[in-house]
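Just below is one structure, and these are the notes that go with it.
Please treat every number below as a calculation from the coordinates, not as lab data. All values derive from a computational prediction rather than experimental measurement. Quick reminder, even Gly has a Cβ in these numbers, built from the backbone with ideal geometry, and neighbours come from all protein chains shown.
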Amino acid sequence: MLEYNNLTIIGTSHISIESVKEVNNFIKKNKPEIIALELDNKRYTALIEKRKNNLKDMLKVGLKGYLINLIGTYIEKKLGKLVGVRPGSEMITAIKLAKKHKLHIALIDQDIQITLKKLSKISFKEKIRIIKDILKGALFKKEIIKIDLREVPNQEFIEKIINIVKQRYPEIYNILIKERNEIMAKALYKIINLDKDKKILAVIGAGHEKEVIRIIRSYSNN
């Protein structure tokens, strides 16, 4: 959990029961007026309506983008079943509490279709590297063995994984992490300055938390 002025950021794992409890406890105890979420309109709707991907989604992002999203969703669901937590449960908890207490919800992430289209255009070299690493099944094997999926990984582990992605898949790193950090930081900075007297809670993935707060602080120093 990190703080800046009237903003508190909770870094979560999307399949962690610990994250669900932390978000639930914070909102009930601190009563923030604004809940900012690492979601766009499409993912927000899909999450609350439990909507599955369809042909229309594929046509919007292209076959490659659709398959990338399908694989990511499949992996997240499998991991969620292992720990008994629906992927995105911490977001659902935040949404339900926001609606219950009539709090404003701000969606701060990039449109998922833009992200998927960018991912579908990564270089052939990087695609081959990903396939090879998946087939070997060894890229994160040693690191993953050490973690408890029910909890949010510590910062040292998160930074280690991010560095591996940055080195092995620089294009994916830029699309999924770097660019989205900047987008979310810019959105949060705008909210902070528009609502200076209101408590703001941002619920974002733990892999974004540290860098997003750093970027927000850098805006203030300029």
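Across segment 188-202, rounded Karplus estimates of 3J(HN,Hα) from the backbone phi angles (6.51 cos²θ - 1.76 cosθ + 1.60, θ = phi - 60°) give 5, 4, 5, 5, 4, 7, 7, 10, 5, 9, 10, 6, 10, 10, 10 Hz, Gly and Pro being marked x. Could you work out the local net charge near Lys166, counting Lys and Arg as +1, Asp and Glu as -1, over the other residues with Cβ closer than 12 Å to its Cβ? Neighbour charge sum, excluding Lys166 itself: 0. Label zone (Tyr219, point 7 Å along Cα-to-C-beta; backbone nitrogen cut-off 18 Å) within segment 1-31: 2-11. With the cut-off at 25 Å, tell me which of the pairs Lys118/Lys198; Lys29/Lys160; Lys42/Lys117; Lys166/Lys196; Lys42/Lys132 have Cα atoms farther apart than that. Beyond 25 Å between Cα atoms: Lys118/Lys198; Lys29/Lys160; Lys166/Lys196; Lys42/Lys132. Net length available on complete extension from Asn41 to Asp197 is 53.6 nm, with 0.36 nm assigned per residue and the Cα-Cα distance removed.
In this simple spin-label model, placing a label point 7 Å from the Cα along the Cα-to-Cβ direction at both Asp111 and Asn25 gives a separation of 3.9 nm.
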